[in-house]
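Novice: One structure, pasted below without further comment.
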Amino acid sequence: MMGYKVAVVGATGNVGREMLTILDERKFPADEVVALASRRSVGVEVSHGDKTLKVKALEHYDFSDVDICLMSAGGSVSKEWSPKIAASGAVVIDNSSAWRMDPDVPLIVPEVNADAAAGFTKKNIIANPNCSTAQLVVALKPLHDAATIRRVVVATYQSVSGAGKDAMDELFSQTKAVYTNDELINKKFPKRIAFNVIPEIDVFMEDGYTKEEWKMMAETKKILDPKIKLSATCVRVPVFVGHSEAVNIEFEKPITPDEARSILRKAPGCLVIDKQEPGGYVTPYEAAGEDATYVSRIREDATVENGLALWCVSDNLRKGAALNAVQIAEVLVNRKLLTAKKKAA
Ligand SMILES: NC(=O)c1ccc[n+]([C@@H]2O[C@H](COP(=O)([O-])OP(=O)(O)OC[C@H]3O[C@@H](n4cnc5c(N)ncnc54)[C@H](OP(=O)(O)O)[C@@H]3O)[C@@H](O)[C@H]2O)c1
């Protein structure tokens with residue numbers, strides 16, 4: 001059987017490396033996978049299961065026989081390259097924020113709105129949401145179906161890997177510098193991140209919210225329901241991998257914590273770990289390397305009518321980025337929305 005040719009752009013990055021691993025783990029039907037990055041990385045070796053791939057330069061690559069391009073090289077690279085790659089006939093699944101709000105580009109979390117993926121043909125581009133949005137909507141969708149969400153208030157505790165590999169290095173070197181009494185240098189973050197938390201992710205907007213907070217609001221509306229109101233506070237914490245969220249939800253209809261637990265236990269992508277005893281919940285350390293969106297600490301929020309509060313944790317590089325992108329590619333294949341070019345020829 002002829003499989004697909006898949007290109008991973010940003011293959012040396014946090015998300016790109018994870019994409020190569022996940023394509024292998026899930027046995028994605030690819031008969032060729034190519035690793036692309038900037039000119040700086042030509043010849044660098046990256047692993048894809050048992051195989052080692054040599055990185056090639058995006059700018060010289062001919063996409064004419066590529067079926068699917070998983071893009072994870074930032075917004076400006078995507079703005080320039082995704083339309084060119086899409087015009088060569090490859091479907092681009094993009095991880096940056098460049099295309100998410102484009103009305104001609106579906107924004108997909110397969111557990112929530114897989115049906116909307118079919119709309120990719122307008123631009124040949126599909127967008128992956130922000131990492132914090134992806135795990136949130138996986139947990140919200142089954143509750144919304146059951147009791148209709150009116151309003152969400154969320155505070156995030158986001159790991160440094162969400163800001164790329166250089167940000168992970170910054171947490172590591174600052175932490176070391178604290179112990180060795182060396183100077184702490186802030187490059188990726190506006191203040192020191194070691195032994196600290198920073199309530200600023202992405203740029204400030206006119207209304208005082210940050211862009212990351214705006215993205216959670218706008219993307220939740222696009223993926224789940226435009227009627228949902230959402231206010232977010234996004235915070236960077238000194239954790240390497242795994243985003244956590246404290247979520248308060250107001251529903252139209254009554255829903256008890258027990259009902260929510262049993263709904264979430266059956267929901268795709270969710271795992272409920274909620275023992276309501278010391279240690280009976282999930283932390284990012286345990287979620288790292290896993291695929292699930294973990295939901296813990298489900299309880300009533302008695303400050304509003306029909307309110308629930310919960311704690312939600314997931315691996316931001318997996319469900320927040322690479323896994324979600326590969327799941328979107330699986331939707332295209334399983335729903336026969338895409339034929340391999342080799343097969344068609
Ligand atoms: N990390 C997350 O949790 C997360 C979640 C959702 C979305 N995203 C998005 O995913 C993208 C990548 O994030 P990341 O965390 O993987 O960043 P990263 O670790 O900094 O990696 C960036 C990647 O982009 C490549 N790149 C940069 N400039 C390029 C160019 N001009 N041409 C080709 N490749 C280029 C880099 O290649 P070189 O090594 O050659 O420079 C590297 O492979 C971003 O858009 C980010 O917003 C990330």
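Novice: Helix 165-180 versus the longest principal axis of the chain: what is the Cα-based angle in degrees, 0 to 90, to the nearest 10?
Specialist: 60
Novice: Also: In 10 Å bins starting at zero, report the fraction of Cα pairs in the stretch 132-314 per bin as a rounded %.
Specialist: Spelled out per bin, shortest first, that is 10, 35, 33, 17, 5, 1.
Novice: Under 5 Å between amide H atoms, partner at least 5 residues away or on a different chain: which partners does residue 65 have, H built in plane at 1.01 Å?
Specialist: Those qualifying (amide H under 5 Å, at least 5 residues apart or on another chain) number zero.
Novice: Could you tell me the center-to-center distance, by alpha carbons, between the stretch 143-174 and the stretch 42-87 in angstrom?
Specialist: When both Cα centres are located, 26 Å separates them.
Novice: Between residue 272 and residues 5 or more places away or on another chain, which pairs have amide H atoms under 5 Å apart, with H built 1.01 Å from N, and which residues are they?
Specialist: 295
Novice: Hey, how much of the P(r) for the chain falls beyond 39 Å, as a percent of Cα pairs?
Specialist: For the chain, the fraction of Cα-Cα distances above 39 Å is 14 percent.
Novice: Just need the relative contact order of the chain here, percent rounded to a whole number, with Cα pairs under 8 Å and 6+ apart.
Specialist: About 18 percent, as a whole number.
Novice: Would you order 48, 60, 243 from fewest to most other beta-carbon atoms within 10 Å of each residue's own beta-carbon? Provide the component values of the computation, followed by the final result.
Specialist: Numbers: 48 20, 60 9, 243 29.
With the fewest neighbours first, 48, 60, 243 line up as 60, 48, 243.
Novice: Looking at this model, which pairs from 165/215; 84/122; 187/222; 54/336; 266/336; 215/319 are more than 25 angstrom apart at the alpha-carbon? Spell out each step's value before the answer.
Specialist: Values: 165/215 22 Å; 84/122 14 Å; 187/222 33 Å; 54/336 31 Å; 266/336 27 Å; 215/319 17 Å.
Flagged as over cut-off: 187/222; 54/336; 266/336.
Novice: Write out the trypsin sites (Lys or Arg not before Pro) in the stretch 280-342 meeting two conditions: DSSP loop, and at most 15 other Cβ atoms within 10 Å of their Cβ.
Specialist: 335, 336
Rule-based calculations on the coordinates, nothing more; no lab input. The shown structure was predicted, so the numbers you read here are calculated from the model rather than taken from an experiment. Quick reminder, even Gly has a Cβ in these numbers, built from the backbone with ideal geometry, and neighbours come from all protein chains shown.
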